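As structure tokens, the structure follows; a few thoughts come after it.
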Amino acid sequence: MTVTIQERRLTPEEYIEFLKRTDLGSQYPRERFEERIPRLLEKTSLSLAAVDETGKIVGVLMGLTDFAYWLFVTDLGVDRGCVRQGIGAQLMRKAHALAGGEKDIGVYLVANSRAIPFYEKLGMEKSRDVMEYNHVEWTGFTVE
């Protein structure tokens with residue numbers, strides 16, 4: 001499969017449809033989901049889509065960056081039918097380059113425990129110095 005990585009802001013409809021085909025569909029709380037997804041898509045500072053030759057979105061990466069020191073990857077997902085084809089790694093490399101490159105930009109993210117081996121293959125390590133303040137209402141659900 002050939003994919004093209006594009007800088008692209010998805011519409012809420014495109015992203016919700018994509019979430020149904022990935023494990024990202026269970027990473028958001030149910031509370032005000034339909035209201036919050038458009039804000040996520042509008043405000044993220046880096047938005048990439050991996051698109052196959054038919055135009056189907058098969059991967060997504062969104063992140064926050066200052067384009068000087070750091071990139072925080074908020075969302076990285078690949079269509080379940082397209083995993084283990086290097087799409088996630090391509091998205092990470094492109095995001096890192098767009099944010100400023102390996103010599104200037106540190107990359108941070110919160111990883112699903114099942115995704116840790118993927119991130120370790122990319123050379124990432126578990127951090128001991130990340131702090132958290134989280135009092136968000138969170139009712140788990142899966143986008144279907």
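Each reported figure results from applying straightforward, stated rules to the coordinates on display, with no laboratory input. As the structure is a computational prediction, the values presented were derived from the model and not from experiment. So basically every Cβ, Gly included, is an ideal-geometry build from the backbone, and we count neighbours across all protein chains shown.
Can you compute the label reach from ASP104? Point 7 Å from Cα along the Cβ direction, backbone N cut-off under 14 Å, restricted to the stretch 59-79.
The answer is 65-71, whose backbone nitrogens lie closer than 14 Å to the label point.
Of the listed peptides 86-93, 137-144, what is their order by residue-averaged count of other C-beta atoms within 10 Å, with the highest listed first?
On the way: 86-93: 19.1, 137-144: 11.0.
Descending packing order for the listed peptides: 86-93, 137-144.
In the stretch 1-109, which GluC sites (Glu not before Pro) fall in coil by DSSP and have 12 or fewer other Cβ atoms within 10 Å? Show your work: numbers first, answer last.
Numbers: sites: GLU7, GLU13, GLU14, GLU17, GLU31, GLU34, GLU35, GLU42, GLU53, GLU102; in loops: GLU31, GLU53, GLU102.
Qualifying residues, ordered by number: GLU31, GLU53, GLU102.
Taking K and R as +1 and D and E as -1, what net charge do the other residues with C-beta under 13 Å from the C-beta of TYR108 add up to? Before the final figure, lay out each step's value.
Details: positive: LYS126, ARG128; negative: ASP66, GLU125, ASP129, GLU132.
Residues close to TYR108 contribute a combined charge of -2.
Mind sorting ILE116, ILE5 by how few other Cβ atoms lie within 10 Å of their own Cβ, fewest first? The partial results should precede the final answer.
Values: ILE116 12, ILE5 18.
Ascending number of Cβ neighbours within 10 Å: ILE116, ILE5.
Once both labels are modelled 7 Å past Cα along the beta-carbon direction, what's the GLN6-GLU137 spacing in nm?
3.6
Magnitude of the Cβ-charge dipole of the chain, K/R +1 and D/E -1, about the Cα centre, nearest 20 debye? Write down the numbers at each step before the final one.
On the way: 19 positive and 22 negative charges, 59 e Å.
The calculation lands at about 280 debye.
Summing +1 for each Lys or Arg and -1 for each Asp or Glu, what net charge is found among the other residues whose Cβ lies under 15 Å from the Cβ of LYS121?
Details: positive: ARG84, ARG93, ARG114, LYS126; negative: GLU120, GLU125.
With Lys, Arg at +1 and Asp, Glu at -1, the neighbours total +2.
Quick one: which residues, 5+ away or cross-chain, put their amide H under 5 Å from the amide H of ASP75? H built at 1.01 Å from N.
Amide H neighbours of ASP75, under 5 Å, 5+ apart: MET62.
Among the aspartates and glutamates, select those whose C-alpha is under 16 Å from the C-alpha of LYS56, and discard any that sit fewer than 8 residues away in the same chain.
Those aspartates and glutamates meeting the cut-off are GLU7, GLU13, GLU14, GLU17, ASP79.
Please work out the Cα convex hull volume for the stretch 1-108 and give it in Å³ per residue. Before the final figure, lay out each step's value.
Values: hull volume 10.4 nm³, N = 108.
Cα-based convex hull of the stretch 1-108, divided per residue, equals 97 Å³.
Among LEU24, LEU76, LEU40, determine the one that fluctuates most according to a GNM of the chain built with springs between C-alpha atoms less than 10 Å apart.
Result: LEU40 has the largest fluctuation of those listed.
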